[in-house]
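Undergrad: First, the structure itself, so that you have it in front of you.
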Amino acid sequence: MYVYGTGGDAVGFVFESFIFDLDGAPLGRIVGPRVHRFDGSYVGEWYQQMVIERPTARPRFVHPASRPADRPALPRGWQRRPTEEHRSYPDAFARLYDGPEPIAAE
(Lines give C-alpha, C1' and ligand atoms only; values in the text may rest on other atoms or scores of the structure.)
Protein backbone atom coordinates (compact mmCIF):
# COMPACT_ATOMS: atom_id res chain seq x y z
CA MET A 1 0.00 0.00 0.00
CA TYR A 2 1.37 3.41 -0.93
CA VAL A 3 1.65 6.31 1.50
CA TYR A 4 0.63 9.61 -0.05
CA GLY A 5 1.46 13.21 0.65
CA THR A 6 -1.42 15.65 1.02
CA GLY A 7 -0.74 16.83 -2.54
CA GLY A 8 -1.49 13.37 -3.94
CA ASP A 9 2.06 12.12 -4.69
CA ALA A 10 3.18 8.71 -3.51
CA VAL A 11 5.93 9.32 -0.91
CA GLY A 12 6.37 5.88 0.63
CA PHE A 13 4.75 2.53 1.25
CA VAL A 14 3.53 0.34 4.09
CA PHE A 15 4.66 -3.24 4.63
CA GLU A 16 3.12 -4.96 7.63
CA SER A 17 2.90 -2.08 10.15
CA PHE A 18 6.08 -0.33 8.99
CA ILE A 19 6.42 2.74 6.76
CA PHE A 20 9.21 2.83 4.18
CA ASP A 21 10.32 5.49 1.74
CA LEU A 22 10.04 4.63 -1.95
CA ASP A 23 13.71 3.56 -1.98
CA GLY A 24 12.87 0.84 0.57
CA ALA A 25 14.46 2.40 3.68
CA PRO A 26 12.41 1.88 6.86
CA LEU A 27 11.27 5.16 8.45
CA GLY A 28 8.74 4.35 11.16
CA ARG A 29 5.75 2.33 12.22
CA ILE A 30 2.01 2.65 12.56
CA VAL A 31 0.61 1.98 16.04
CA GLY A 32 -3.17 2.28 15.94
CA PRO A 33 -3.96 5.71 14.48
CA ARG A 34 -0.50 7.11 15.32
CA VAL A 35 2.79 7.07 13.43
CA HIS A 36 6.08 6.79 15.33
CA ARG A 37 9.79 6.68 14.58
CA PHE A 38 11.64 3.53 15.67
CA ASP A 39 12.92 5.34 18.78
CA GLY A 40 9.27 5.60 19.91
CA SER A 41 8.83 9.33 19.28
CA TYR A 42 5.52 10.53 17.83
CA VAL A 43 5.39 11.84 14.25
CA GLY A 44 1.75 12.25 13.27
CA GLU A 45 -1.54 10.52 12.60
CA TRP A 46 -2.32 7.82 10.02
CA TYR A 47 -5.26 9.15 8.01
CA GLN A 48 -6.47 8.00 4.59
CA GLN A 49 -3.05 6.58 3.62
CA MET A 50 -1.27 9.77 4.71
CA VAL A 51 0.83 10.85 7.70
CA ILE A 52 -0.70 14.10 8.85
CA GLU A 53 -0.58 16.62 11.67
CA ARG A 54 -4.01 16.63 13.25
CA PRO A 55 -4.81 19.29 15.86
CA THR A 56 -7.02 16.89 17.82
CA ALA A 57 -4.28 14.24 18.03
CA ARG A 58 -3.08 12.98 21.38
CA PRO A 59 0.65 12.28 20.90
CA ARG A 60 2.16 9.45 22.90
CA PHE A 61 5.62 8.03 23.22
CA VAL A 62 5.72 4.27 22.59
CA HIS A 63 8.46 1.78 23.33
CA PRO A 64 11.28 1.74 20.79
CA ALA A 65 11.18 -0.96 18.12
CA SER A 66 13.85 -2.64 16.05
CA ARG A 67 14.27 -1.36 12.54
CA PRO A 68 13.19 -3.93 9.95
CA ALA A 69 15.41 -4.79 7.01
CA ASP A 70 15.30 -2.61 3.92
CA ARG A 71 12.74 -3.61 1.29
CA PRO A 72 13.09 -3.47 -2.47
CA ALA A 73 12.40 -0.01 -3.90
CA LEU A 74 8.97 0.67 -5.40
CA PRO A 75 8.18 2.70 -8.49
CA ARG A 76 6.82 6.19 -7.87
CA GLY A 77 3.33 4.89 -8.57
CA TRP A 78 0.43 6.93 -9.74
CA GLN A 79 -0.65 10.23 -8.30
CA ARG A 80 -4.04 10.29 -6.67
CA ARG A 81 -6.33 13.24 -7.02
CA PRO A 82 -6.10 15.27 -3.83
CA THR A 83 -9.43 16.30 -2.40
CA GLU A 84 -10.19 19.15 -0.06
CA GLU A 85 -10.37 16.59 2.75
CA HIS A 86 -6.80 15.47 1.99
CA ARG A 87 -5.56 19.05 2.21
CA SER A 88 -7.40 19.77 5.49
CA TYR A 89 -4.34 18.79 7.54
CA PRO A 90 -0.62 19.59 7.21
CA ASP A 91 1.52 16.78 5.83
CA ALA A 92 3.81 15.20 8.46
CA PHE A 93 5.57 12.50 6.40
CA ALA A 94 8.86 14.44 6.31
CA ARG A 95 9.02 14.27 10.11
CA LEU A 96 9.87 10.58 9.78
CA TYR A 97 13.29 11.74 8.53
CA ASP A 98 13.78 14.18 11.43
CA GLY A 99 15.06 13.50 14.93
CA PRO A 100 12.75 13.07 17.91
CA GLU A 101 10.75 16.02 19.19
CA PRO A 102 9.92 16.34 22.87
CA ILE A 103 6.28 15.77 23.74
CA ALA A 104 4.75 18.06 26.34
CA ALA A 105 3.46 16.37 29.46
CA GLU A 106 -0.32 16.13 29.66
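The values are calculated or read from the model by the stated rules, or taken from the named source; none is laboratory data. Worth saying up front: this structure is predicted, and the values here are computed from it rather than measured. Neighbour counts run over all protein chains shown; Cβ positions are idealised from the backbone, glycine included.
Undergrad: How many residues, within region 68-106, are under 15 Å from the mean Cα position of the chain (by Cα), assigned to a loop (DSSP other than H, G, I, E, B) and modelled with pLDDT of 90 or more?
TA: Final tally of qualifying residues: 2.
Undergrad: Failed condition for MET1, given (1) surrounded by 14 or more Cβ atoms within 10 Å (Cβ to Cβ); (2) under 15 Å from the mean Cα position of the chain (by Cα); (3) aliphatic (A, V, I, L, M), with all others met?
TA: (1)
Undergrad: (1) among the small types (Gly, Ala, Ser); (2) within 9 Å of the chain's Cα centre (by Cα); (3) modelled with pLDDT under 95: which one isn't true of GLY28, the others all being true?
TA: Among (1) among the small types (Gly, Ala, Ser); (2) within 9 Å of the chain's Cα centre (by Cα); (3) modelled with pLDDT under 95, GLY28 violates only (3).
Undergrad: SER17 is checked against (1) among the hydroxyl-bearing types (Ser, Thr, Tyr); (2) buried (at least 20 other Cβ atoms within 10 Å of the Cβ); (3) under 11 Å from the mean Cα position of the chain (by Cα) and fails just one. What number does that condition carry?
TA: (2)
Undergrad: How do the strands (runs of 3 or more DSSP E) wholly within region 1-59 filter down when requiring 3 or more residues that are among the aliphatic types (A, V, I, L, M) and in contact with an Asp or Glu (Cβ under 9 Å, 6 or more places away or on another chain): which remain?
TA: 50-52
Undergrad: Is at least one residue of region 52-61 surrounded by 15 or more Cβ atoms within 10 Å (Cβ to Cβ), more than 15 Å from the chain's Cα centre (by Cα) and basic (Lys, Arg)?
TA: no
Undergrad: All but one of (1) touching a residue at least 24 places away in the same chain (Cβ under 8 Å); (2) within 16 Å of ARG95 (Cα to Cα) hold for ILE30; which doesn't?
TA: Unmet for ILE30, out of (1) touching a residue at least 24 places away in the same chain (Cβ under 8 Å); (2) within 16 Å of ARG95 (Cα to Cα): (1).
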